[in-house]
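See structure below.
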Amino acid sequence: MREGPLEITDLLWSGSGEPVVREDAVALLRSRGQPQAARIVSLLPARDGVLDAEATDALGLRIHRELQRLGEELQLGRRVASVVRTLLPAGSEPVRVVDVGCGLGHVLRAIAVRGDLPEHVELVGVDLNPVLADEAARLSAVEGLRCRFVAGDAFEPGLVVEDGTRTVVVSSGLMHHLAPEDLDGFFAAQARLEVAAFAHWDIAPCLWSTMGAWLFHQARMREAVSRHDGVMSARRAHPAETLLAAAGRGAPDYAAEVREGSRWRPKALDVLRPLVGVRR
Amino acid sequence: MSLIVLVLLGLLDAAFSGFRSAQGRSGLIDHAHGDRAGMLRGVRLFPWLSLPALAFLAIDLFLGQDLQAYGSSADLFLLIIAPFAVIVLVALAAYGILRWELRYLASAIILGPCTFLRPYVVAAAAVVVIVRAGEVSVAVAATLAVIAVLAVEPILDKRGK
């Protein structure tokens with residue numbers, strides 16, 4: 001688990017599917033100097049001291065629906081499509097765009113609704129949390145969209161990346177969940193699959209983004225967990241140098257760049273900026 | 001006149017409150033239908049929440065209070081919140097007409113911060129009006145009206161859970 005302050009959502013579901021003991025989560029947050037987060041978790045429904053799985057899943061869905069609202073305001077689907085369009089391998093053979101940690105699949109579904117990418121591009125979302133992946137699939141079916149969603153590890157060979165050379169991997173708001181020491185492995189996994197390119201959007205860390213995150217989550221979010229984690233996301237975001245260094249070590253065969261303005265003169269459009277890597 | 005404008009602004013604000021409360025509910029990409037339904041819920045709820053203020057106003061006028069006292073307070077209230085309302089409406093228009101790369105700026109720079117500031121601006125306007133009027137009846141009516149305005153979104157949020 002990442003050092004320093006934690007997001008509450010990192011603690012609500014165990015990776016192994018084991019029940020989460022509420023007091024353990026509360027104690028962990030207290031030990032990290034996060035009394036407010038500990039208080040929020042202590043109020044979550046539990047049975048015999050274990051977080052109520054059904055209520056936690058419902059909370060997770062509510063949080064991700066709220067999060068989608070911010071994605072809409074940031075025009076995230078269009079942003080991703082505008083960059084991915086420039087990264088697609090040449091030719092008219094099928095290309096797959098894989099959204100890692102897709103949540104409710106807002107980005108891919110927004111692209112599919114508008115037809116922002118060419119017909120030969122297949123859109124596949126993947127999330128470790130099966131509740132989110134299932135809901136993304138349900139929404140996609142309801143909307144009659146040409147994209148699919150699966151639960152699992154995106155970098156497990158064959159799960160969603162079959163022909164790496166014709167795959168572009170994207171994510172949004174994922175990298176800050178990873179510890180700096182895990183970033184190398186994140187990029188290395190994509191290099192091992194020989195993906196054509198990757199583009200990962202995340203918050204540009206600075207005082208403005210932290211203040212903006214606080215204000216926007218106060219104004220827009222209803223769930224206490226969302227309000228807390230929104231600010232923590234901005235605080236935990238990795239600086240461009242950290243991301244570039246990790247990409248250089250993990251995926252040395254890729255030309256990587258972080259597309260953002262100067263730290264001292266941040267461009268308002270760069271609140272969420274991509275690290276883009278293209279296989280040389 | 002100002003009283004009527006304030007009521008209309010209250011209805012508009014209630015529609016926006018309903019809109020905000022409807023956001024992030026379904027997970028659908030196209031949620032225009034839900035947005036419209038949310039706005040209608042806000043507009044329908046506001047008159048009910050305004051009943052205490054309106055009833056108090058009616059009773060006070062019936063008991064002989066001068067309408068002018070309320071009129072001049074409404075003028076002042078409007079004077080304070082009108083610039084705020086104009087900024088929000090201009091930002092909404094900008095959101096509607098800007099190209100997508102710039103559209104979110106209207107939200108990031110104006111609409112988001114204004115949503116955050118809205119309760120404080122309304123409450124501050126009420127305090128100024130109450131202090132300037134120096135009348136208990138105006139203070140009660142203004143307080144009830146402000147509660148009605150600010151209660152729309154939390155009530156809809158609670159219902160939506």
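What to note about this one:
- Listed conditions (1) more than 14 Å from chain B (Cβ to nearest Cβ); (2) surrounded by fewer than 21 Cβ atoms within 10 Å (Cβ to Cβ); (3) modelled with pLDDT under 95 are all met by A:G248, apart from (3).
- Any hit, the stretch A:16-36, residues being outside any helix (DSSP H, G or I), within 14 Å of chain B (Cβ to nearest Cβ) and either over 24 Å from the mean Cα position of the chain (by Cα) or at positive phi (or both): no
- All conditions in (1) surrounded by 15 or more Cβ atoms within 10 Å (Cβ to Cβ); (2) modelled with pLDDT under 95 hold for B:L63, with the sole exception of (1).
- Residues that are surrounded by fewer than 16 Cβ atoms within 10 Å (Cβ to Cβ) and either within 14 Å of chain A (Cβ to nearest Cβ) or free of Cβ contacts under 8 Å to residues at least 12 places away in the same chain (or both) within the stretch B:70-89 comprise B:L79, B:A82, B:P83, B:V86, B:L89, listed in sequence order.
- Some residue of the stretch A:245-261 being hydrophobic (A, V, I, L, M, F, W, C), in the same structural domain as A:V124 (by TED's automatic domain parsing), within 19 Å of the chain's Cα centre (by Cα) and not in a strand (DSSP E or B): yes
- Top-ranked residue of the stretch A:200-226 - restricted to ones that are among the aliphatic types (A, V, I, L, M) and either surrounded by fewer than 20 Cβ atoms within 10 Å (Cβ to Cβ) or more than 14 Å from chain B (Cβ to nearest Cβ) (or both), ranked as farthest from A:I8 (Cα to Cα): A:L207
- Comparison of B:G112, B:G160 shows that the only residue that is touching a residue at least 60 places away in the same chain (Cβ under 8 Å) and not aromatic (F, W, Y) is B:G160.
- Among the residues of this structure, A:L193 counts as one that is more than 13 Å from chain B (Cβ to nearest Cβ), of a type outside the set (G, A, S) and on the phi < 0 side of the Ramachandran plot.
- B:I110 vs. criteria within 14 Å of chain A (Cβ to nearest Cβ) and aliphatic (A, V, I, L, M): yes
- Test: residue in the stretch A:83-106 that is within 14 Å of chain B (Cβ to nearest Cβ), part of a helix (DSSP H, G or I) and not polar (S, T, N, Q): yes
- Enumeration of residues in the stretch A:107-147 that are away from chain B (no Cβ under 11 Å), under 28 Å from A:A55 (Cβ atoms) and more than 16 Å from the chain's Cα centre (by Cα): A:D134, A:A137, A:A141
- Residues in the stretch B:31-51 that are surrounded by 19 or more Cβ atoms within 10 Å (Cβ to Cβ) and either among the charged types (D, E, K, R) or within 12 Å of another protein chain (Cβ to nearest Cβ) (or both): B:H31, B:R41.
- Scope the stretch A:89-108; condition surrounded by fewer than 21 Cβ atoms within 10 Å (Cβ to Cβ), touching a Lys or Arg at 6+ places or on another chain (Cβ under 9 Å) and touching a residue at least 24 places away in the same chain (Cβ under 8 Å); matching residues: A:P89, A:E93, A:P94, A:R96
- Which listed residue is within 12 Å of another protein chain (Cβ to nearest Cβ) and farther than 30 Å from A:E223 by Cα, from B:L54, B:L98, B:L67, B:L28: B:L98
- Residue satisfying all of: in the stretch A:49-82; without any contact (Cβ under 8 Å) to a residue 12 or more places away in the chain and in a loop (DSSP other than H, G, I, E, B); surrounded by the fewest Cβ atoms within 10 Å (Cβ to Cβ) among these: A:D52
- Some residue of the stretch A:230-243 being within 14 Å of chain B (Cβ to nearest Cβ) and over 18 Å from A:G101 (Cα atoms): yes
The values are calculated or read from the model by the stated rules, or taken from the named source; none is laboratory data. Given the structure is predicted, the values throughout are model-derived calculations rather than measurements. All Cβ positions, glycine included, derive from the backbone under ideal geometry; neighbour counts span all protein chains shown.
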